1. Can you run down the residue pairs with Cβ atoms below 6 Å, 6 or more apart or on separate chains, where the first is in the range 263-288 and on the phi < 0 side of the Ramachandran plot and the partner is among the hydroxyl-bearing types (Ser, Thr, Tyr) and outside any strand (DSSP E or B)?
2. Considering only residues that are within 13 Å of the ligand (Cβ to nearest atom) and either at pLDDT below 95 or of a type in the set (A, V, I, L, M) (or both), look in the range 47-61 and name the one that is surrounded by the most Cβ atoms within 10 Å (Cβ to Cβ).
3. Assess whether ASN376 counts as being crowded, with 17+ Cβ neighbours inside 10 Å, modelled with pLDDT of 95 or more and assigned by TED's automatic domain parsing to the domain that holds PRO501.
4. Kindly indicate which of THR29, THR64, THR25, THR43 is touching a Cys at 6+ places or on another chain (Cβ under 8 Å) and in contact (Cβ under 8 Å) with a residue 40 or more places away in the chain.
5. Checking the conditions here, which among ARG77, ARG69, ARG97 is touching a Leu at 6+ places or on another chain (Cβ under 9 Å), away from the ligand (no atom under 16 Å from the Cβ) and over 29 Å from GLU194 (Cα atoms)?
6. Among the strands (runs of 3 or more DSSP E) confined wholly to the range 1-72, which include 1 or more residues that are more than 24 Å from MET477 (Cβ to Cβ)?
7. Against the condition outside the structural domain of GLY136 (by TED's automatic domain parsing), farther than 21 Å from ALA242 by Cβ and surrounded by 24 or more Cβ atoms within 10 Å (Cβ to Cβ), how does VAL526 come out, does it pass?
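The values are calculated or read from the model by the stated rules, or taken from the named source; none is laboratory data. A quick note: this is a predicted structure, and the numbers were derived from the prediction, not measured. Backbone-built Cβ (ideal geometry, glycine too); neighbour counts: all protein chains shown.
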Amino acid sequence: MTHLCKETLVTVVNGQLPGPAIEATEGDTMWVHVVNESPYNITIHWHGVKQRLNCWADGVPMVTQCPIRPGRSFTYRFAVAGQQGTLWWHAHVACLRASLHGALIVRPNRNNSGGAAGSSPYPFPEPDMEVPIVIGDWWDMDLEQLDKNMMDGYFADSQTASTINGKLGDLYHGCGGAGGDVEEEEDGYVLEVEAGKTYLLRLINAGLYAEYYVKVAGHRFTVVAADASYVNPFVTDVVAIAPGETVDVLMAADAAPGRYYMVALAMQPPEPDPQVPVASTRGMVRYRRSGVVVPGGGGGEDVVPAVVPDMPDMHDVDTTFFFHGNLTSLRRPAPVPARADERMFVTLGVGSICRDGEPSCERSGSNESIIVATVNDVSFQEPPAGAAASLLEAHYYRHRAAAGEELRALPDAPLRVFNFTDEALIPWGPVEARLEPTEKATLVRRFRHGAVVDVVFQSTAVMQSGSNPMHLHGHDMFVLAQGFGNYDAARDVARYNLVDPPVKNTVVVPGLGWAAVRFVADNPGVWYMHCHFEFHMSMGMIAVFIVEDGSSVDISLPPPPVDLPKCDAEESLAVVPDKFGVVQNS
Ligand code: C2O
């Protein structure tokens, strides 16, 4: 594809970016045939699908399965039961998810919705139209290289842009300037609406690195769901959405017929955090009048100027805090358990390790050290791609060492206690430097089947003060409370919402703040828990939660599907067809 005046090779699904939307009805069983024609090892993760007793289909390389090698294929089989709304799918491979993702929409089963014929299957009036809005970003470089750079602790020089449904929009220009063609605007996403109709926008943040503010000029949204759980509706003119989250809103086309910009603005923490170039993209909501589109844009004379929304400041951390604080669940699938069996306090931060395994080195951005991301002061070491089996197979067959790596228990509290949100720790210097040293380890935390688990996530300020959208596979979490500053149990437990907390698969932990979640560890398997900022993930802000089998066979993990990919490199080398011209390099 050519964007930003540069041709870039991109890996996509079925020739589309975003990839195809998968549409299902609650209760359906899906078979998705993944044929890997790319040169990369691939897995696909069904983000937010609970995969009850089906961890084998969760799609995390070397954690739940050996990857699908180039030229090979695998069929993911899973049910979407007990959940409805907007989910999505993405490659769970390095930065490749920037171009390998799409919506996964689960609609209610009309026969089960209980209403009279013709009534809405939703807990809100049935919209006239449903529209997935996928926010993403465009990278003009090889995404695998981008991931390597991240693991080496630096951002590459690359141009990036934000996208709505794959389109960059008219804030980006083509080859202007010397040697280039005339300035040419990039196409933007256009949603044509009819006055008086209501649209259900299913927003998905598939971007790698930023929370976004989304607005449509002249319109307001009614938020009705987040992460495929219905919420008590509330009206807002701005949506805040972090990577990994989905937000469903109703938008009535009730403005004067015309053209209104839809803007997605990437947020970033204020200075002294390192600043990245402002990323913003815009598409258009365009009214149709008696079948005729309102003139404007490229038509020359008679142009009705499009209305531009007033956006929050990109450094505004309050709007996202209050947006997320407004979420309360409409119907809970189950009551919130009154108390927890296990409690963890997990700090999320950034540290460094010495290059080449040296025992000591200079920190604070020195080339002697590599910046990594941590949970409780340890940075996750991914199981090696050359291991004999995935962690899940090792767990299932009780081969403790089969993943080729020593596992380390994730501590229930941070190794270092300091003033976590002290802004003096943000700039490089001797104060933060002594908090930097950390190490890599494959962190796991085991839970007895059925344990009620409380996790307080605390963002820290060492070298950066960004938020952390923490995603748990295989389970939804009740988000009990959030706050700025350091969590203080004596003060904050009293604020827990045990009545109607939102149910999320991705909880946004505010920058310089915390969020408290509760979940029931009742889905046996090996589940990734990580920050959905790709760079935090590449850099190690990950742990693995292992949920033990229950006491009977119907609450224990069944055996793997017979066709689950094998890790054995020899075996796959022998059968890689050469019709794709792919060189297998394992
Ligand atoms: Cu959407 Cu583990 O990811």
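1. Qualifying pairs under 6 Å: PRO269/SER465; ASP273/SER465; GLY283/TYR189.
2. Once the filter is applied, the top-ranked residue is VAL49.
3. Working: crowded, with 17+ Cβ neighbours inside 10 Å: yes; modelled with pLDDT of 95 or more: yes; assigned by TED's automatic domain parsing to the domain that holds PRO501: yes.
Answer is yes for this residue.
4. On the way: THR29 fails: touching a Cys at 6+ places or on another chain (Cβ under 8 Å); THR25 fails: touching a Cys at 6+ places or on another chain (Cβ under 8 Å); THR43 fails: touching a Cys at 6+ places or on another chain (Cβ under 8 Å).
Result: THR64 is the single residue among THR29, THR64, THR25, THR43 that is touching a Cys at 6+ places or on another chain (Cβ under 8 Å) and in contact (Cβ under 8 Å) with a residue 40 or more places away in the chain.
5. Testing whether each residue is touching a Leu at 6+ places or on another chain (Cβ under 9 Å), away from the ligand (no atom under 16 Å from the Cβ) and over 29 Å from GLU194 (Cα atoms) leaves just ARG69.
6. Numbers: elements: 22-25, 29-35, 44-47.
Correct list: 22-25, 29-35.
7. On the way: outside the structural domain of GLY136 (by TED's automatic domain parsing): yes; farther than 21 Å from ALA242 by Cβ: yes; surrounded by 24 or more Cβ atoms within 10 Å (Cβ to Cβ): yes.
Answer is yes for this residue.
Conditions (1) surrounded by fewer than 22 Cβ atoms within 10 Å (Cβ to Cβ); (2) over 21 Å from LEU330 (Cα atoms); (3) at pLDDT below 85, marked per residue:
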position	(1), (2), (3)
GLN84	no, no, no
TRP89	no, yes, no
ALA98	no, yes, no
ALA103	no, yes, no
MET151	yes, yes, yes
TYR154	yes, yes, yes
GLN159	yes, yes, yes
THR163	no, yes, no
GLY169	no, yes, no
